[in-house]
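Some notes on the structure that comes next.
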Amino acid sequence: GYIKNPFDESQQMFCTGDMGRFIEDGNIVYEGRRDQQIKILGNRVNTSELRKVALEVKGVRDVFVLNHREQLILFIEGNEVVKDTLQKKIKSTLPLFMHPAKMLFLDHFVLNANGKLDKRKMMEWMDQHQTTDNYVFEGTWLDGQIQKIWSKVLKIEEEKIPFNRDFFELGGNSLKLIYL
């Protein structure tokens, strides 16, 4: 929002919500945002909205939303039996660009020694527990050609492109679609 300029009270300044700090050479180092707003595919996304919707589903104890390679990853503390209900709730409540590319279920979140969410270890857990839909595709000749093209555009190994996933779920965006 707008505030009075502390350097010239006759003017206004716009506060973006971005946080930074000055370093010795006078440059500013970007530290993140004060809120949980991120940009996905050119759209502003407040991850707390996705978290709120997910927490409304019975059986979901906690939710952590991660922006990973311009995709939303939803870590859910709870049982995977609520997955269909959760997907329906998200689809009926939020716009498409706010839908997570992955939903990962854990019995309990990984915490650090201080009892806070350990984001680095959560990422490691995600890499170790890839979902079962990452299989090697064995379709028709044409499907294989599409897989090769997507591999080049998305910069993903062919073997890691399952054909039960949407182009955008795999990391595609409007610019990559034009390139495609």
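Give the cross-link partners of residue 58 among the lysines, using a straight C-alpha distance below 20 Å as the criterion and excluding same-chain residues fewer than 8 apart.
83, 88, 89, 91, 102
For the chain, state the average projected area of the convex hull of the C-alpha atoms over all orientations, rounded to one decimal in nm². Don't jump to the answer; show the numbers that get you there.
On the way: hull surface 61.4 nm².
If I average the Cα hull's projected area over directions, I get 15.4 nm².
Kindly write out, for segment 10-24 in residue order, the coupling ³J(HN,Hα) from the Karplus curve 6.51 cos²θ - 1.76 cosθ + 1.60 (θ = phi - 60°), rounded to whole Hz, with x marking Gly and Pro.
Along segment 10-24, the couplings run 7, 10, 10, 10, 9, 8, 8, x, 7, 10, x, 9, 7, 10, 3 Hz.
Just subtract the alpha-carbon distance of residue 157 and residue 80 from 0.36 nm times their residue separation and send over the number in nm, one decimal. Present the calculation step by step, with values, prior to reporting the outcome.
Values: separation 77, 0.36 × 77 = 27.72 nm, distance 2.82 nm.
Length gained, residue 157 through residue 80: 24.9 nm.
In degrees between 0 and 90, to the nearest 10, how far off the longest principal axis of the chain does helix 83-93 point, with axes built from Cα atoms?
Rounded to the nearest ten degrees, it is 50.
Along Cα→Cβ, 7 Å out, is where each label goes; now give me the distance between the ones at residue 145 and residue 51 in nm to one decimal.
Those two pseudo-labels are separated by 4.7 nm.
Helix 141-154 versus the longest principal axis of the chain: what is the Cα-based angle in degrees, 0 to 90, to the nearest 10?
For 141-154 against the chain, the angle is about 20 degrees.
Read-outs: derived from the displayed coordinates by stated rules, not from any lab. None of the values given here were measured: they were computed from a predicted structure. For neighbour counting, all protein chains shown are included, and Cβ atoms are generated from backbone atoms with ideal geometry for every residue, glycine included.
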